[in-house]
Structures are given as C-alpha cells and as structure tokens.
Amino acid sequence: MKMNKPNFDDYLNESLNTLNKEIPPKKGLWTGVERAIANNKPTSKNAVIWPKITAIAACTVAGLIAINTFVITPEPQPALAISDYFSAQKNSLLVEYKNEEALTTNWQTQLQELEEAEQAIKQVLESEPQNQALLTMLAQIYQQQLDLINKVHAPRWQHI
C-alpha cells in the first residue's frame with residue numbers, strides 16, 4: 001500500500017499521541033553522567049607537551065635534510081665517476097690477462113704514457129670539473145688503455 005504525505009503525517013501524529021510517556025529508563029542514567037563528569041580530570045602536562053615536541057623535532061629534521069640536500073651537498077664529479085669505472089675495468093682486464101704472455105714487450109711503456117696523459121687531464125679537470133672536452137678526452141684515454149691491454153693479450157686473429 002502506497003502512503004501519501006497527508007496519510008503518513010496523520011499516522012505519525014496518532015502514534016505519538018498514543019505513546020506511553022511514562023516509560024522509565026532501564027538503568028539509572030544520571031549516575032553514569034555524574035561519574036563521567038567526576039572522572040573527567042584535566043589532561044596531564046606531559047600529554048599536552050609531547051605532540052608539540054614531536055612536531056618541533058619533525059620540522060627540525062625536515063629542515064636539516066633540506067639544508068643538506070640543497071646547500072651542503074657538493075655537485076657531482078663526473079671525472080671521478082669516469083675514473084672509477086674505467087679503473088675497475090682496467091684492473092679486471094689486468095687480472096684476467098695476468099698469466100697470459102703479451103705479444104709485445106713495450107706495452108707497459110705505452111700504458112705508462114697513457115696513464116701520464118690521464119694524470120695531466122685530471123689535473124686540469126680539478127680547476128674545470130665540468131669541461132666536456134676534457135671529460136671526453138679522459139674517456140678516450142681510458143678507452144685507449146683498455147684497447148691496448150686487450151690487443152696485446154688477445155689480438156683479433158686469435159679469435160677467428
């Protein structure tokens with residue numbers, strides 16, 4: 001059965017008028033309210049201070065991280081990264097070919113000359129660390145060192 005608004009309002013008014021207004025609560029409500037008011041002590045001083053201290057500490061840590069990231073952190077040294085990479089490769093090749101006989105006797109002299117060129121370029125890079133031409137030259141010197149070690153110990157005709 002579909003109710004329209006006037007019928008519902010009449011039904012609601014009739015139900016409210018017939019409702020027993022003297023229904024007692026199932027338990028004493030006022031005693032619970034009195035206990036809640038009596039037990040509501042002001043919060044301790046420590047409970048108020050700790051959130052503030054935590055917020056101050058978090059802001060301090062965030063500030064220190066920001067200062068370290070944007071102010072103190074030095075700019076990256078590409079020459080150092082290139083040097084570390086090629087030194088590791090050169091050392092691994094020298095270890096790999098340690099027990100193999102070289103095809104020429106003066107290869108170590110040539111390697112020494114390339115290492116001297118490497119040191120000269122590194123000295124200039126100390127004053128101009130972002131000089132792209134010098135970085136390219138340094139990478140070429142390193143590649144020549146690797147090629148020299150490979151060619152002296154494992155020429156192409158042995159791989160055919």
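The values are calculated or read from the model by the stated rules, or taken from the named source; none is laboratory data. Because the structure is predicted, anything quoted here is derived from the model rather than measured. Here the Cβ positions follow ideal geometry from the backbone for every residue, glycine too, while neighbour counts run over all protein chains shown. Each accessible area value is taken on the protein alone, full model and side chains, heavy atoms only, with ligands, DNA and RNA left out. Shrake-Rupley method; radii C 1.70, N 1.55, O 1.52, S 1.80 Å.
Couple of notes before you dig in:
- In the stretch 139-150 there is no residue matching the filter, namely being outside any helix (DSSP H, G or I) and either of a type in the set (A, V, I, L, M, F, W, C) or open to solvent by less than 90 Å² (accessible area, probe 1.4 Å) (or both).
- Residue pairs whose Cβ atoms lie under 8 Å apart, sitting 6 or more positions apart in sequence or on different chains, and linking a residue in the stretch 85-110 that is under 10 Å from residue 149 (Cα atoms) to a partner that is open to solvent by less than 60 Å² (accessible area, probe 1.4 Å) and assigned to a loop (DSSP other than H, G, I, E, B), are 97/154.
- Counted residues, the stretch 59-90 - those being under 24 Å from residue 124 (Cα atoms) and not basic (Lys, Arg): 17
- Flag if residue 118 is acidic (Asp, Glu) and either touching a Cys at 6+ places or on another chain (Cβ under 9 Å) or open to solvent by 50 Å² or more (accessible area, probe 1.4 Å) (or both): no
- Those residues of the stretch 77-93 which are surrounded by 13 or more Cβ atoms within 10 Å (Cβ to Cβ) and farther than 14 Å from residue 134 by Cβ, in sequence order: 86, 87, 89, 90, 93
- Among residues of the stretch 94-115, those that are in contact with a His (Cβ under 9 Å, 6 or more places away or on another chain) and open to solvent by 60 Å² or more (accessible area, probe 1.4 Å), counted: 4
- Within the stretch 77-116, the only residue that satisfies the criterion of being in a helix (DSSP H, G or I) and among the basic types (Lys, Arg) is 90.
- Within the stretch 124-138, tally of residues that are in a helix (DSSP H, G or I) and either open to solvent by 20 Å² or more (accessible area, probe 1.4 Å) or under 23 Å from residue 94 (Cβ atoms) (or both): 9
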